[in-house]
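All remarks here apply to the structure that follows.
The values are calculated or read from the model by the stated rules, or taken from the named source; none is laboratory data. Treat the numbers as computed from the prediction; the structure is a model and nothing was measured. Glycine gets a Cβ as well: all are built from the backbone with ideal geometry, and neighbour counts include every protein chain shown.
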Amino acid sequence: MNGTEGVRHPRGRDLPPEERERRLRRIWDPPRGILGALSVVDHKIIGRRYIATAFVFLALGGVLAALIRIQLATPEGRLLGPDVYNQVFTVHGANMMFLFAVPVMEAMGVYLVPLMIGTRNIAFPRLNAFSYWIYVAGGALLWIAFLLDFGPDVGWFGYVPLSGPQYGYGKRADIWAQMITFTELAALAVAVEIVVTVFKQRAPGMTLDRIPLFVWAMLVTSFLVIVAMPAIMIASSALILDRLVGTHFFNPAEGGDVLLFQHLFWFFGHPEVYIIFLPAVGMVSTMLSTFARRPVFGYLPLVMSLITIGVLSFGLWAHHMFTTGLPRVGESFFTASSMAIAVPAGVQIFCFIATLWLGRPVWRPPLLFVAAFVVTFTIGGLTGVMVASVPLDSQVHDTYFVVAHFHYVLVGGAVFPLMGAIYYWFPKMTGRMMSDRLGAWVAALVFVGFNLTFFPMHVLGLQGMPRRIYAYQPELPWGGLNLFVSLASIILFAGFLLFFVDVVRSAVRGAPAGDNPWNAPTLEWATTSPPPSYNFDGIPVVTSANPLWDDPETLPVATGLRVDRRELLVTSVQRAEPEARESSAGASIWPFLAAVATTVMLIGSIFSPWAVVWGSLPIAVALVGWFWPKGAPEDEA
């Protein structure tokens, strides 16, 4: 089939627009009430929940960061004792990596990818709902344990033997291990959904060379999640088996290997950096094109750089282990790989600069955050090349130089683009504009505060200040810089506070946005803001990479999807030619119940291995209810 041929259906084709809308809303609108809220499968609602929950965890992690900076502001700080401090920095790191950075990037994909490729819902919508509830349960487990004073205290990486049965007393390391299981299960589910959605639900005509760069970034990221995250789940599962069942995966006395844990962890841990960074590249590419008023420079090089980074990211993990006694040949390989990955990252930066240089930039808040991203990520990339060198890394390993480096990479490479993306897509999500004036202040405060806070940490690291210490002696030369860093962090916190104030204020009484306030070129702006429950009345037909710029008035649509049941258009992988109509699953309480049963089983297993056996029964019941044939096609998935 070519174009729209074969996708028409007599039902609804000749209905008046008001009647079509009424019927579509009756089929696609989420159910009402508490039960309806627990049953919803609309990707937009779940995406907004994901994003809001992730920012709650960001705020909580920021509170812990403030406690750390108060503790270290002066020598022999007395705000936190060593035990509480160990919990604080562990929960801060685990929270930011597993509960904020990765989930919020996937959440943006959950909300935006179906809209950007012109489909009505994400693939496997009930699995999407299940993933959110599992994510919330994992976050609740970590924070409730912390508030009850048995939060993890082994670092966000959970290294053995510190986290093993010999030294990891109580249930703190078990909490960390099961929190990993929760969050990675949720991430894997979302990754599968995005891959299938992008490959099989693109609008007719959206060939591979017309896919928006953000969608490309989410596709590559999803493959990274699918390949990398099982490694950390294996590591955490083996750890909890060592602790609860008496296995010896990491016990050298019984034939285990301590370094096996590090290899498994970092085989996930370094691709995780790019799981966070690549969606940000997609966000930057999208915002740059809109505000430079021209297509992004180097579409093909940007796509190839995304794929190249995804492949190379699996050859870097051992550069975190240069001080563990690896063979010299191995160290040389990982040094070369760590430096090589700077090449495609550099290609991206130069494409971004060229887009601005050749365009007519309109300096609105999203573009200000893009500029902040380019500066800070470049600094982080340069220090990344430095620590890829074995001699230098051996000197600065486990010092504040590394703390500064990864904050420059993660905050500069992910949080700045994310904040710009919130300003950019907030009108799409809410129908209201955020404040340009407050946005400019937020960008300035966060950029200045971040650099004043974290750049001096490079110097602290070179002066020998180790990571993860809760106090230091007055005679050491670190007091002045630590005080400066702690005072500078007030500016950073003020910027984030102003950001949250702007979000709340704009959601309540922001100026109406209109359907496409930025005059953007991608399909998510082809529908209303906020979009209806069914996203698009007629599925768009794409004839170029920038459809709303090239043909803004007469965007063709493919009609024929039924209006008496949930239907999606399935297209071919390469050329996005229509192939079939497919039912989309409707609202169901069973994903929530399955998540509750899974939560009970995983938390129960922390206290007794038998919880896995008995806890599997309610999970089985929930899955039977989930997949039991119910007659209607939309109830079969």
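The figures follow:
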quantity: Some residue of the stretch 361-368 being buried (at least 16 other Cβ atoms within 10 Å of the Cβ), under 21 Å from F499 (Cα atoms) and of a type in the set (A, V, I, L, M); calculated: yes
quantity: Total residues in the stretch 216-234, condition without any contact (Cβ under 8 Å) to a residue 40 or more places away in the chain and more than 16 Å from the chain's Cα centre (by Cα); calculated: 2
quantity: From the options A140, A177, A123, residue that is part of a helix (DSSP H, G or I), at pLDDT below 95, out of contact with any Cys (no Cβ under 8 Å at 6 or more places or on another chain) and more than 21 Å from Y400 (Cβ to Cβ); calculated: A177
quantity: Which numbered condition F333 fails, given (1) hydrophobic (A, V, I, L, M, F, W, C); (2) modelled with pLDDT of 90 or more; (3) out of contact with any His (no Cβ under 7 Å at 6 or more places or on another chain); calculated: (2)
quantity: Filter result for A354 (assigned to a helix (DSSP H, G or I), more than 24 Å from the chain's Cα centre (by Cα) and at pLDDT below 90); calculated: no
quantity: Subset tally (residues that are within 21 Å of H263 (Cα to Cα) and surrounded by fewer than 17 Cβ atoms within 10 Å (Cβ to Cβ)) for the stretch 162-182; calculated: 3
quantity: Test result for F249, touching a helix residue (DSSP H, G or I) at 6+ places or on another chain (Cβ under 8 Å), at pLDDT 90 or above and over 19 Å from F182 (Cα atoms); calculated: yes
quantity: Set A440, A414: member being of a type in the set (A, V, I, L, M, F, W, C), touching a residue at least 40 places away in the same chain (Cβ under 8 Å), part of a helix (DSSP H, G or I) and surrounded by fewer than 24 Cβ atoms within 10 Å (Cβ to Cβ); calculated: A440
quantity: Which listed residue is in the same structural domain as R294 (by TED's automatic domain parsing) and touching a Lys or Arg at 6+ places or on another chain (Cβ under 8 Å), from L326, L358, L316, L312; calculated: L358
